[in-house]
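Beneath this line is the structure, given in structure tokens, with notes to follow.
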Amino acid sequence: SAVDVTCSVTGGEAVLNGSGGRIWYVGDSDGDGNGNADFADIQDAIDNASPGDTIIVKPGTYTENVVVNVANLTIRSESGYGSTIVQAARDYEHVFYVAADDVNIVGFTIKGATNIYAHRFRTAGIYIVSARSNISDNYITGNNNGIVVSAGPYTRIVRNHIAGNTACGILVQIANNCEVMDNLISANKFGIQLWGSSNCELLNNVIESNNLG
């Protein structure tokens, strides 16, 4: 069985994630000294990662638009969405644009993709164009759309709080076999919208105070 290795990358030795991939740490961008990180920005960590790696993001506010183009990658916060915020540097781009398969995004507050003219279906906190993404335990607020799955089959959207987005909380378009489960979706224009998709499961979500559920 796999054995975790807990030595430090920053000390010159690789940390493994139990599956053979490396663990990379991203340090906070607000200067409070959480230290011992490999990169200051999430995008820099992605640009240096390989399939199977894990990126752990320390508490802080990260102002950037993140393009995830490495497959089989996990990006998660160290301490949960209450203390780890990713906000758009450019409001006309998605906060996270997922263009690789088997990506996990876990535990962030995601906000600031507010421009309504930049994309056909407007900007989103997370915009997915690949297969088998797992989006869980995030707070997604203050965007045009919360999560858009565009032709990304087998996506799982689980245990997120998606609130206060001006268009859809979740939009699944031309994306089959997706699962939307245990989310709280509130105060958006649309709660969940399915468009041109089939074999999707919507289970145990709380959908309240939207213009349309």
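The values are calculated or read from the model by the stated rules, or taken from the named source; none is laboratory data. Note that the coordinates shown come from a computational prediction; the quantities given were computed from them, not determined experimentally. Glycine gets a Cβ as well: all are built from the backbone with ideal geometry, and neighbour counts include every protein chain shown. What goes into the accessible areas is simple: the full protein's heavy atoms, side chains included, and nothing from ligands, DNA or RNA. Shrake-Rupley method; radii C 1.70, N 1.55, O 1.52, S 1.80 Å.
Counting each DSSP H run of 4 or more residues in the chain as -39500 (n - 2.57), what helix-only mean residue ellipticity at 222 nm follows after dividing by all residues, to the nearest 500 deg cm²/dmol?
The per-residue figure over the chain is -1000 deg cm²/dmol.
From the Cα gyration tensor of the stretch 33-143, with a ≥ b ≥ c the square roots of its eigenvalues, which class applies: rounded if a/c is under 1.5, or else prolate if a/b is larger than b/c, or else oblate?
oblate
Based on the inverse mean of 1/r over its pairs of different Cα atoms, what is the Kirkwood hydrodynamic radius of the stretch 62-107, in Å?
Final number for the Kirkwood radius of the stretch 62-107 is 11.2 Å.
Specify the residue with the greatest mean-square fluctuation among Val148, Val106, Val15, computed from a Gaussian network of the chain linking alpha-carbon atoms under 10 Å apart.
Ranking Val148, Val106, Val15 by mean-square fluctuation puts Val15 first.
When only C-alpha pairs under 8 Å and at least 6 residues apart count, what is the relative contact order of the stretch 66-190, in percent?
Computed over the stretch 66-190, the figure is 20 percent.
Just need the relative contact order of the stretch 38-98 here, percent rounded to a whole number, with Cα pairs under 8 Å and 6+ apart.
36
Starting from the Cα gyration tensor of the stretch 132-177, take the square roots of the eigenvalues, sort them a ≥ b ≥ c, and report rounded, prolate or oblate (rounded when a/c is under 1.5, otherwise prolate if a/b is larger than b/c, else oblate).
Oblate shape, in that a/c is at least 1.5 and b/c is the bigger or equal ratio.
For the stretch 96-213, what is Rg from Cα atoms divided by 2.2 N^0.38 Å, rounded to two decimals?
0.91
Assuming a ≥ b ≥ c are the square roots of the Cα gyration tensor eigenvalues, decide whether the stretch 157-213 counts as rounded (a/c under 1.5), prolate (otherwise, with a/b larger than b/c) or oblate.
Oblate.
Tell me the net charge near Arg156. Cut-off is 15 Å between Cβ atoms, Arg156 excluded, with +1 for each Lys or Arg and -1 for each Asp or Glu.
-3
If we count every other residue with Cβ under 13 angstrom of Leu194's Cβ, Lys/Arg +1 and Asp/Glu -1, where does the sum land?
Taking every other residue near Leu194 into account, the sum is -2.
Run the simple label-point estimate for Glu179 and Ala89 please: 7 Å along Cα→C-beta, distance reported in nm.
Rounded to a tenth, the inter-label distance reads 3.5 nm.
Over the stretch 54-135, with every protein chain in place, what whole percent of the accessible area is carbon and sulfur at 1.4 Å, could you tell me?
Its accessible area is 45 percent carbon and sulfur atoms.
How high is the relative contact order of the chain, in percent, counting Cα pairs under 8 Å that sit 6 or more residues apart?
Relative contact order here is 11 percent.
Regarding the chain, what's the average projected area of the Cα-atom convex hull, expressed in nm²?
Convex hull of Cα atoms, orientation-averaged projection: 11.5 nm².
Among Gly152, Gly112, Gly18, whose mean-square fluctuation peaks in a Gaussian network model of the chain (Cα, cutoff 10 Å)?
Gly18
Can you give me the pair-distance distribution of the stretch 88-143, C-alpha pairs, 5 Å bins, whole percents?
Computed distribution, short to long bins: 5, 22, 28, 23, 18, 4.
If you roll a 1.4 Å probe over the heavy atoms of the protein chains, what accessible area per residue do you get for the stretch 33-132, in Å²?
Here the residues of the stretch 33-132 average 41 Å² of exposed surface.
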